[in-house]
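Below: the structure, in structure tokens.
The values are calculated or read from the model by the stated rules, or taken from the named source; none is laboratory data. All figures in this text were calculated on a predicted structure; none of them were measured in a lab. With ideal geometry, Cβ positions are generated from the backbone for all residues, glycine too; neighbour counts draw on all protein chains shown. Protein only, heavy atoms only, side chains kept; ligands, DNA and RNA dropped before computing areas. Shrake-Rupley method; radii C 1.70, N 1.55, O 1.52, S 1.80 Å.
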Amino acid sequence: MLGIKNNIMFIRHVLMMVFSNVPRLILSICGLFVGLLVLTTGNILMNSYYDEAMNRACEFSTNNISVLLEADDEFEKKIISDIDTMQVELKRVSMSSESIYSEQYSNGNICSLNAKVVGTTSMDSENVLMKYNENTTIPVHGNLTKGRFINQNDVSKKNNCVVIDEFTASLLFGEEDPIGKKVILGVGNIGMENVSDEDNVVDDEKDNSFTVVGVFDNYQVTKSNQLEYEKFRVVDNGNIVMSTYIYVPYTALDENGFQEDAQDYLIWHYSDNSGYEKGLQVLNDYKTVYSHKYSKFELMTKDDMKSAVKKELRPIKLFMWLILSALLIISGINSMNTMFFSIKERIGEIGIKKAMGANATDIIVQFLMEGIFMAYIAAAMSLIVGGIVAELIGKGIQSMLFINFKVNYSMETVLFTLIVAGIYGIVFSFIPSYYGAGRKVADALRFE
Amino acid sequence: MSTLCVNGNEQPVIEIKGLRKTYDRKRYVLDNLELKLYSGDMTIIEGKSGTGKSTLMNVIGLLDDFNEGTLCIDGIEINKKTKRKYSIIRAQKIGFVFQAYHLIEAISVKENIMLPFLYSNINVNNDIKQRYDKIVTDLGLGELENKKVALLSGGEKQRVAIARALIKDPKIIIADEPTGNLDMENTKIVIDVFRKLREMGKVIIIVTHDISIATSDDKRFYLKEGKLMLC
Ligand SMILES: Nc1ncnc2c1ncn2[C@@H]1O[C@H](COP(=O)(O)OP(=O)(O)O)[C@@H](O)[C@H]1O
Ligand SMILES: [Mg+2]
């Protein structure tokens with residue numbers, strides 16, 4: 001601060017001037033508050049939405065490479081034995097869904113759960129599949145909560161065992177321990193009674209039930225079905241069909257005739273980065289050579305997933321930013337207006353101070369300090385109120401629209417609001433105070 | 001013609017030569033004005049309303065610029081266009097008393113009196129605290145110290161303004177119609193203060209309509225057609 005040694009006295013004086021006119025203070029803060037509140041709330045919601053989508057993408061286990069392959073068994077065997085045999089795991093997803101739960105409520109609505117049976121070579125690595133959106137299925141991490149995963153023994157003995165997710169377990173077996181219970185495929189299929197006996201003869205030959213050996217949890221997998229189920233219970237219009245994946249030994253799938261129309265996911269797990277880099281290199285080479293030969297040869301890594309999500313969200317983010325910046329500018333100009341008239345009203349005070357030895361810088365510094373002070377009061381208010389409003393809106397979104405939405409009040413949001421408030425305080429008080437400080441003293445005093 | 005004041009070989013505190021000032025570039029409010037004031041001079045400037053007395057005070061007080069001529073304050077030559085750096089001279093050498101008081105109403109008497117220190121490098125030390133106490137006692141403001149200026153009477157306000165003008169012990173005191181809004185009793189108090197200051201060797205310039213203020217010791221000027229004439 002130029003020429004001001006008596007800083008504490010000066011700061012005290014500035015604060016006194018700020019509080020000397022309470023209506024003016026409140027009005028100025030309100031102007032700043034409205035802008036900053038919209039910004040903070042919008043920013044929290046936008047970030048939460050973004051984070052949620054990103055979190056889903058980030059469930060994709062690190063250092064995994066997933067390949068969606070539609071090729072003949074020969075080629076599949078070749079690629080498995082060629083590239084890091086120890087790391088690869090096959091997940092064969094049956095294209096058709098099997099109903100594993102169906103219940104008719106008293107109002108006639110039917111709730112059913114369809115499962116795609118996934119044959120796996122092993123599940124030691126705790127990878128499960130998640131439908132990210134209509135077109136994308138990604139391998140994500142599953143936490144074992146009961147029992148065990150499918151192991152080599154199950155595969156070699158072709159055991160009829162199954163691993164299911166928590167939601168499925170709770171829907172099928174309620175509070176009871178699901179381990180040892182049977183999951184029966186084709187339960188309560190509408191029209192099943194109408195199937196002719198001749199057809200059923202064939203069906204009888206295959207065992208339609210699998211014994212539960214393990215239950216896993218994945219927040220996203222469980223949450224999405226839970227919300228859908230809640231929506232069905234609350235909104236109560238029509239039937240609902242939910243879907244999930246259940247996991248059986250690859251060989252058991254073979255035995256049960258799910259082979260024909262299956263989609264194969266080959267998943268390579270790497271524990272180290274260099275192995276991952278090499279594996280990715282080799283797989284990419286394979287892809288260039290074979291991709292035109294087979295109808296599907298899709299390679300995906302966590303980075304691919306993240307960038308796909310980012311790309312998907314970019315237009316939304318851009319649009320939100322446009323709205324927010326427009327609002328910001330409007331409320332900024334509004335604040336400047338308030339500041340400008342406040343300074344015009346205080347030209348006499350400026351004249352007095354200049355007559356007492358203040359220079360233009362002293363005057364500008366005073367009004368900048370006032371502006372920043374008020375902006376930070378407004379910022380603190382909008383951080384508190386904005387957090388509450390965002391939380392309420394988030395709750396509303398979750399309970400009314402049944403979209404998984406967790407409000408995320410991050411350090412970034414706080415920092416962003418504080419930075420914008422600082423800029424607000426500086427920019428929108430600098431311009432009017434520059435005008436005020438530039439008046440000739442004699443002219444300024446005439447205002448009084 | 002304008003009058004030159006000679007007072008021995010001493011250097012004048014204020015020296016004005018050929019000063020011209022116009023607002024509209026048509027009429028010169030101050031026209032070839034000359035003035036020399038020395039330490040211990042009490043100067044009273046009279047004149048009809050609108051003749052440029054306030055303009056002259058503003059120019060001398062470095063609150064406004066001028067168009068032609070020279071102005072020296074305590075040996076420092078001032079440029080025609082008042083620039084930011086003159087705020088320092090203003091802060092160090094000049095105390096102002098205005099007819100309209102020009103106090104900050106929202107803050108207390110004490111804070112108004114100490115206001116000049118917000119804009120200077122001078123630390124508020126014991127000397128200044130003693131000076132403050134003396135000024136406040138002399139002007140009878142002791143009991144009003146913590147009162148908001150907005151709550152004071154006109155006479156009290158003008159005494160606060162004088163205290164503020166004196167707190168930095170300036171060489172020059174410029175008072176533009178200081179008694180214009182005061183009753184007889186307060187006028188007497190204010191003028192007595194000025195007389196005491198004069199004895200302390202300050203240069204005092206008072207603009208007034210009230211001829212009763214002046215004594216034979218004072219330099220009395222009449223401002224007419226942009227020039228100062230000795231009465
Ligand atoms: N800022 C200004 N702009 C234009 N004219 C001014 C300004 N200030 C004063 N004047 C004019 O200059 C003349 C002298 O004014 P002033 O110095 O206030 O007179 P006094 O103090 O003697 O009554 C008046 O005619 C007034 O209208
Ligand atoms: Mg006047």
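In the list B:Ala150, B:Ala163, which residue meets the criterion of being more than 25 Å from B:Ile16 (Cβ to Cβ) and open to solvent by less than 30 Å² (accessible area, probe 1.4 Å)? Explain how you work it out, then say what you get.
Values: B:Ala150 fails: open to solvent by less than 30 Å² (accessible area, probe 1.4 Å).
Going through B:Ala150, B:Ala163 in turn, the sole match is B:Ala163.
Only one of A:Asn143, A:Asn153 is open to solvent by 40 Å² or more (accessible area, probe 1.4 Å), out of contact with any Lys or Arg (no Cβ under 8 Å at 6 or more places or on another chain), within 17 Å of A:Ala252 (Cβ to Cβ) and not hydroxyl-bearing (Ser, Thr, Tyr); which? Please lay out each step first, then the result.
Working: A:Asn143 fails: within 17 Å of A:Ala252 (Cβ to Cβ).
After ruling out the rest, the residue left standing is A:Asn153.
Conditions (1) over 17 Å from A:Leu37 (Cα atoms); (2) among the small types (Gly, Ala, Ser); (3) in a helix (DSSP H, G or I); (4) away from chain B (no Cβ under 14 Å), marked per residue:
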{"position": "A:Phe341", "(1), (2), (3), (4)": "yes, no, yes, yes"}
{"position": "A:Ile352", "(1), (2), (3), (4)": "yes, no, yes, no"}
{"position": "A:Ile403", "(1), (2), (3), (4)": "yes, no, no, yes"}
{"position": "A:Leu418", "(1), (2), (3), (4)": "no, no, yes, yes"}
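Of all residues in region A:420-448, how many are away from chain B (no Cβ under 14 Å) and either in contact with a helix residue (DSSP H, G or I) (Cβ under 8 Å, 6 or more places away or on another chain) or under 30 Å from B:Lys53 (Cβ atoms) (or both)? Before the answer, list the steps.
Going residue by residue through region A:420-448, those that are away from chain B (no Cβ under 14 Å) are A:420-433, A:435-436.
Okay, now just the ones that are also either in contact with a helix residue (DSSP H, G or I) (Cβ under 8 Å, 6 or more places away or on another chain) or under 30 Å from B:Lys53 (Cβ atoms) (or both), so A:420-422, A:424-433, A:435-436.
Residues in region A:420-448 being away from chain B (no Cβ under 14 Å) and either in contact with a helix residue (DSSP H, G or I) (Cβ under 8 Å, 6 or more places away or on another chain) or under 30 Å from B:Lys53 (Cβ atoms) (or both): 15 in total.
When you go through B:Ala150, B:Ala175 one by one, which is the residue that is outside any helix (DSSP H, G or I) and within 14 Å of chain A (Cβ to nearest Cβ)? Break it down into steps so the answer makes sense when it comes.
Values: B:Ala150 fails: outside any helix (DSSP H, G or I).
Among B:Ala150, B:Ala175, only B:Ala175 is outside any helix (DSSP H, G or I) and within 14 Å of chain A (Cβ to nearest Cβ).
To keep it simple, each residue is scored yes or no on (1) outside the structural domain of A:Gly42 (by TED's automatic domain parsing); (2) more than 30 Å from A:Asp264 (Cα to Cα); (3) not aliphatic (A, V, I, L, M).
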| residue | (1), (2), (3) |
| --- | --- |
| A:Gln281 | yes, no, yes |
| A:Tyr286 | yes, no, yes |
| A:Glu345 | no, yes, yes |
| A:Lys354 | no, yes, yes |
| A:Ala390 | no, yes, no |
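Going by the structure shown, is B:Ile173 open to solvent by less than 10 Å² (accessible area, probe 1.4 Å) and within 21 Å of B:Ser54 (Cβ to Cβ)?
The answer is yes for B:Ile173.
Pairs please, first residue from region A:341-367 and at positive phi, second anywhere and among the aliphatic types (A, V, I, L, M), Cβ atoms under 8 Å, 6+ apart in sequence or on different chains.
From region A:341-367, the pairs are A:Gly357/B:Ile88; A:Gly357/B:Ala91.
I need every pair where a residue in region B:48-74 that is touching a residue at least 12 places away in the same chain (Cβ under 8 Å) has its Cβ under 6 Å from the Cβ of a residue that is within 12 Å of ligand 1 (Cβ to nearest atom) and among the hydroxyl-bearing types (Ser, Thr, Tyr), sequence separation at least 6 or different chains.
Listed pairs, sorted by first residue: B:Asn67/B:Thr22.
When region B:128-175 is examined, which residues are found to be among the polar types (S, T, N, Q) and in contact (Cβ under 8 Å) with a residue 24 or more places away in the chain? Step through it out loud before you land on a result.
Here is the first cut: in region B:128-175, the residues among the polar types (S, T, N, Q) are B:130, B:137, B:146, B:153, B:158.
The answer is B:Asn146, B:Gln158.
Out of A:Met400, A:Met374, A:Met339, I need the residue that is open to solvent by 50 Å² or more (accessible area, probe 1.4 Å) and in the same structural domain as A:Tyr49 (by TED's automatic domain parsing). Which one?
Working: A:Met374 fails: open to solvent by 50 Å² or more (accessible area, probe 1.4 Å); A:Met339 fails: open to solvent by 50 Å² or more (accessible area, probe 1.4 Å).
Step by step, each of A:Met400, A:Met374, A:Met339 is checked, and only A:Met400 is open to solvent by 50 Å² or more (accessible area, probe 1.4 Å) and in the same structural domain as A:Tyr49 (by TED's automatic domain parsing).
Just checking, which of A:Phe416, A:Phe405 is more than 16 Å from ligand 2 (Cβ to nearest atom), closer than 30 Å to A:Leu368 by Cβ, touching a residue at least 12 places away in the same chain (Cβ under 8 Å) and not assigned by TED's automatic domain parsing to the domain that holds A:Val234?
A:Phe416
Okay, residues lined up against (1) among the small types (Gly, Ala, Ser); (2) farther than 22 Å from A:Met305 by Cβ:
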| site | (1), (2) |
| --- | --- |
| A:Ile44 | no, yes |
| A:Tyr49 | no, no |
| A:Ala53 | yes, no |
| A:Ala57 | yes, no |
| A:Ile65 | no, no |
| A:Leu69 | no, no |
| A:Asp72 | no, yes |
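When the residues of region B:176-231 are filtered to those that are surrounded by fewer than 16 Cβ atoms within 10 Å (Cβ to Cβ) and basic (Lys, Arg), which remaining residue is farthest from ligand 2 (Cβ to nearest atom)?
B:Lys196
Take the residues of region B:212-230 that are within 16 Å of ligand 1 (Cβ to nearest atom) and among the hydrophobic types (A, V, I, L, M, F, W, C): which is farthest from the other protein chains (Cβ to nearest Cβ)?
This residue is B:Met229.
Filter region B:30-43 down to residues that are buried (at least 23 other Cβ atoms within 10 Å of the Cβ) and within 13 Å of ligand 1 (Cβ to nearest atom) and give me whichever is farthest from the other protein chains (Cβ to nearest Cβ).
Ranking the qualifying residues of region B:30-43, first place goes to B:Leu33.
Does A:Glu59 satisfy being surrounded by 15 or more Cβ atoms within 10 Å (Cβ to Cβ), touching a strand residue (DSSP E or B) at 6+ places or on another chain (Cβ under 9 Å) and among the charged types (D, E, K, R)?
When the stated conditions are applied, A:Glu59 passes them.
Kindly evaluate A:Val22 against the criterion of being within 14 Å of chain B (Cβ to nearest Cβ) and hydrophobic (A, V, I, L, M, F, W, C).
Criteria met by A:Val22.
Quick one: in region B:57-79, which of the residues that are outside any loop (DSSP other than H, G, I, E, B) and within 11 Å of chain A (Cβ to nearest Cβ) is farthest from ligand 2 (Cβ to nearest atom)?
As a first pass, look at region B:57-79 and keep what is outside any loop (DSSP other than H, G, I, E, B): B:57-60, B:68-73, B:76-78.
Filter again for within 11 Å of chain A (Cβ to nearest Cβ), leaving B:57-59.
Working: B:Met57: 8, B:Asn58: 9, B:Val59: 13 Å.
Within region B:57-79, the match that is farthest from ligand 2 (Cβ to nearest atom) is B:Val59.
What single numbered condition from (1) within 10 Å of another protein chain (Cβ to nearest Cβ); (2) outside any loop (DSSP other than H, G, I, E, B); (3) within 16 Å of ligand 2 (Cβ to nearest atom) fails to hold for B:Ile89?
Status for B:Ile89: all satisfied but (3).
List the pairs whose first member sits in region B:97-114 and is more than 7 Å from every other protein chain (Cβ to nearest Cβ) and farther than 14 Å from B:Ala150 by Cβ, whose second member is of a type in the set (S, T, N, Q) and open to solvent by 10 Å² or more (accessible area, probe 1.4 Å), and whose Cβ atoms are under 7 Å apart, counting only residues at least 6 apart or on separate chains?
Within 7 Å, the pairs are B:Gln99/B:Asn181; B:Lys110/B:Asn146.
Tally up the residues in region B:119-144 that are open to solvent by 50 Å² or more (accessible area, probe 1.4 Å) and out of contact with any Asp or Glu (no Cβ under 9 Å at 6 or more places or on another chain), please.
13
Every residue in region B:12-41 that is within 15 Å of the chain's Cα centre (by Cα), of a type outside the set (D, E, K, R) and outside any strand (DSSP E or B), please.
Residues satisfying the conditions are B:Val13, B:Tyr38, B:Ser39, B:Gly40.
Go through (1) away from chain B (no Cβ under 14 Å); (2) among the β-branched types (Val, Ile, Thr); (3) over 30 Å from A:Asn284 (Cα atoms) one by one and return the number of the condition A:Ile65 breaks.
Checking A:Ile65 against (1) away from chain B (no Cβ under 14 Å); (2) among the β-branched types (Val, Ile, Thr); (3) over 30 Å from A:Asn284 (Cα atoms), the one that fails is (3).
Among the residues of region B:44-89 satisfying the criterion of being more than 28 Å from B:Ala214 (Cα to Cα) and hydroxyl-bearing (Ser, Thr, Tyr), which is nearest to ligand 1 (Cβ to nearest atom)?
Ranking the qualifying residues of region B:44-89, first place goes to B:Thr82.
Given (1) surrounded by 18 or more Cβ atoms within 10 Å (Cβ to Cβ); (2) out of contact with any helix residue (DSSP H, G or I) (no Cβ under 8 Å at 6 or more places or on another chain); (3) within 14 Å of chain B (Cβ to nearest Cβ), identify the lone condition not met by A:Phe10.
Failed condition: (2).
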